[in-house]
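Notes to accompany the following structure.
The values are calculated or read from the model by the stated rules, or taken from the named source; none is laboratory data. None of these values were measured; they are calculated from a predicted model. Every residue, glycine as well, gets a Cβ built from its backbone with ideal geometry; the counts of neighbours run over all protein chains shown.
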Amino acid sequence: MSSLVRNVGTIGGLTAVSRVFGFVRDMLLARVLGAGLAADAWQLAFTLPNTFRRLFAEGAFSVAFVPMYTRRLNAETDGGEEAADRFASDVLSVFVWVLLGFSALCMIAMPGIVWLLARDYQAVPGKFELSVTLSRITFPYLGLVSLVAMLSGVLNARSRFAPGAFVPVLLNIVLIGGIVTGYVLRKNDGGGDATVAYAQAVALFLAGVAQLAYMWWAMRKAGVRLAIRAPRFTPEVKRLGMLILPATFGAGIYQISQLVDTFFATSLPQGSLALLKYADRLNQMPLGIFGIALGTAILPMLARHIQTGDTKEAQRLQTNAIEIAMLLCLPCAVALAICSQAFTAGIFRGGKMTAADTAIMGHIVTALVAGLPAYVLIKVFQPAFFSREDTKTPTFVAAGALAINIGLNFYVVPRYGIVGLAAATATTATLNVLTLYTILQIRGWFHFTAKLAGRIARQIAATALMGLALWYLTPALEPYWLGGALSRIVSLAALVLVGASVFFGAAYLLGALDKDLIAQLTRKRRAKPVDLAE
């Protein structure tokens, strides 16, 4: 478990830094743009390249590419690192042209894409046109960040997780600069909220350039030598393409659901899409730190165990990942649900973000985090299929979940609005993860042990005690998390500290914490700085 804990700690720690900067970014954006026309247009323009990035590059491409690259990297008779880097260069040489072509086509077809996702924006003067223009400016980010994802996969396969986990920090820093620049320009020339949105769109493109430059430097420092040459469709590249096609759907149910949610959110009153995206920031905090970190760390490790036929170690690795996931995300989900109004008001309210906006946002957060354990477990279960180069099974599971999600949205959105939409996403994610586990169990690829079930039961008991404490404390602190900046910070910090103390104290007393895991996390080691190119 030590290597898994270390890798998750590296990825999760740097992701936490990124999420903090992301919070600062969204806090500033909420106050500067609020939940109006320009905010909705910007959120749509930001959603498009990022959804495709998570779907194709970080989703389908990574889960297909990493096991193939890892197998060549660990091969003793097939050239090892040289063969792996040759394969990666062949893929890169094809990948670059695919990205350029896809991006160009989407930019040309952007009015049609925006119409498909947000046709109701045409009813608001200028909103549709602004969304199209912003989306054309932001879409080249997809190509840049997709190359970043590939280089990150190469380094992850070599157990160098820090660079890939650090690049989102660059994104948030540049976007914060864009918000400040847009605010100053709006103040000086009186151009309105569209000025801020344009500044953000340009900043997103510049962030992609910065991320790619950093990852290329990190790759060279790690001793990896990739080259872009004339594209060649080698048998390995063709096999990768065949694996990517089903993996695009199987690995991307959450991202595809985001597009579906965007479609339904744009049909609701103005500001609904912006409020959904702001609320998802709170949901993404634990999901990004724990879920993505676990999924990223477990895939290459699981692939190595399976390729060597060590099924016992594969079972142990997945068990450890589930235990860590539940230990971290169960209390986060309950705490966010109970304290949702406190967090949304305390963090986002102010400027153009009204009390009514943050109240709605709080209800959205409660609905979203109901599926947080499922979102994280999907990241743990899917690598069990991908590491065996089985991308078809998650595809069929995702297809069923997505169909149910769309059906639920048609029923709940007209009745319950944006909150119903968030609840439908959480429900279908839960169905998705239950189906994945059932298939793993039937195939004998993974099974719950009595020890793991007992540990999770104790974690649930500890979470319940924490929830009870927060249930009484949150309303008592309401005057403070609705007060000035300092009182907000202190009150929210008090909620976090009390919640963490009660949970981990109860977990320790109830035996919900693995003593070996505690020893690994608290073992005294000589401090050494983290090299972000390692």
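Just one of PHE205, PHE161, PHE128 is buried (at least 24 other Cβ atoms within 10 Å of the Cβ) and out of contact with any Cys (no Cβ under 6 Å at 6 or more places or on another chain); which is it? Break it down into steps so the answer makes sense when it comes.
Numbers: PHE205 fails: buried (at least 24 other Cβ atoms within 10 Å of the Cβ); PHE128 fails: buried (at least 24 other Cβ atoms within 10 Å of the Cβ).
One residue alone meets the criteria, PHE161.
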Query raised in the report: Would you pick out the residues in region 179-227 that are among the small types (Gly, Ala, Ser) and part of a helix (DSSP H, G or I)?
Result: GLY182, ALA194, ALA197, ALA199, ALA201, ALA203, ALA207, GLY208, ALA210, ALA213, ALA218
Query raised in the report: Does TYR69 meet the test of being farther than 17 Å from GLN43 by Cβ, touching a residue at least 12 places away in the same chain (Cβ under 8 Å), assigned to a helix (DSSP H, G or I) and assigned by TED's automatic domain parsing to the domain that holds ILE228?
Result: yes
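Residues are listed down the side, and each one gets a yes or a no for (1) within 22 Å of the chain's Cα centre (by Cα); (2) surrounded by 20 or more Cβ atoms within 10 Å (Cβ to Cβ):
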{"residue": "LYS392", "(1), (2)": "no, no"}
{"residue": "LEU402", "(1), (2)": "yes, no"}
{"residue": "GLY407", "(1), (2)": "no, no"}
{"residue": "LEU421", "(1), (2)": "yes, yes"}
{"residue": "LEU434", "(1), (2)": "yes, no"}
Query - Pick from region 209-219, criterion closer than 18 Å to ALA162 by Cα and of a type outside the set (Phe, Trp, Tyr), ranking: surrounded by the fewest Cβ atoms within 10 Å (Cβ to Cβ) - result: ALA213
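Given the condition crowded, with 20+ Cβ neighbours inside 10 Å and farther than 28 Å from GLN318 by Cα, answer yes or no: does some residue in region 468-476 qualify?
Within region 468-476, the subset crowded, with 20+ Cβ neighbours inside 10 Å is 470, 474.
Checking which are farther than 28 Å from GLN318 by Cα leaves us with 470, 474.
The answer is yes; a qualifying residue exists.
May I ask you to verify whether GLY444 is exposed (fewer than 14 other Cβ atoms within 10 Å of the Cβ) and at positive phi?
On the way: exposed (fewer than 14 other Cβ atoms within 10 Å of the Cβ): yes; at positive phi: yes.
Yes.
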Query raised in the report: Among ALA519, ALA469, which is aliphatic (A, V, I, L, M) and modelled with pLDDT under 95?
Result: ALA519
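Output yes when any residue across region 50-60 is modelled with pLDDT of 80 or more, in the same structural domain as VAL202 (by TED's automatic domain parsing) and either aromatic (Phe, Trp, Tyr) or buried (at least 18 other Cβ atoms within 10 Å of the Cβ) (or both), and no when none is. Explain how you work it out, then say what you get.
Residues of region 50-60 that are modelled with pLDDT of 80 or more, as a first pass: 50-51.
The next check asks that each one be in the same structural domain as VAL202 (by TED's automatic domain parsing); those that pass are 50-51.
Now drop any that are not either aromatic (Phe, Trp, Tyr) or buried (at least 18 other Cβ atoms within 10 Å of the Cβ) (or both), which leaves 50-51.
Checked region 50-60: at least one residue is modelled with pLDDT of 80 or more, in the same structural domain as VAL202 (by TED's automatic domain parsing) and either aromatic (Phe, Trp, Tyr) or buried (at least 18 other Cβ atoms within 10 Å of the Cβ) (or both).
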Requested in this report: Would you point out which residue out of ARG136, ARG119, ARG86 is part of a helix (DSSP H, G or I), in contact with a helix residue (DSSP H, G or I) (Cβ under 6 Å, 6 or more places away or on another chain) and basic (Lys, Arg)?
Outcome: ARG136
Query raised in the report: Does region 451-470 contain at least one residue that is in contact with a helix residue (DSSP H, G or I) (Cβ under 7 Å, 6 or more places away or on another chain) and over 30 Å from PHE343 (Cα atoms)?
Result: yes
Query raised in the report: Looking at (1) surrounded by fewer than 19 Cβ atoms within 10 Å (Cβ to Cβ); (2) more than 27 Å from the chain's Cα centre (by Cα); (3) hydroxyl-bearing (Ser, Thr, Tyr), can you tell me which one THR438 breaks?
Result: (2)
Requested in this report: Considering every residue within region 458-468, establish whether at least one is within 23 Å of the chain's Cα centre (by Cα), in a helix (DSSP H, G or I) and of a type in the set (Gly, Ala, Ser).
Outcome: no
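Would you point out which residue out of ALA485, ALA399, ALA429, ALA424 is farther than 21 Å from VAL334 by Cβ and either assigned by TED's automatic domain parsing to the domain that holds GLY362 or in contact (Cβ under 8 Å) with a residue 12 or more places away in the chain (or both)? Please lay out each step first, then the result.
Numbers: ALA485 fails: either assigned by TED's automatic domain parsing to the domain that holds GLY362 or in contact (Cβ under 8 Å) with a residue 12 or more places away in the chain (or both); ALA429 fails: farther than 21 Å from VAL334 by Cβ; ALA424 fails: farther than 21 Å from VAL334 by Cβ.
Just one listed residue meets the conditions, ALA399.
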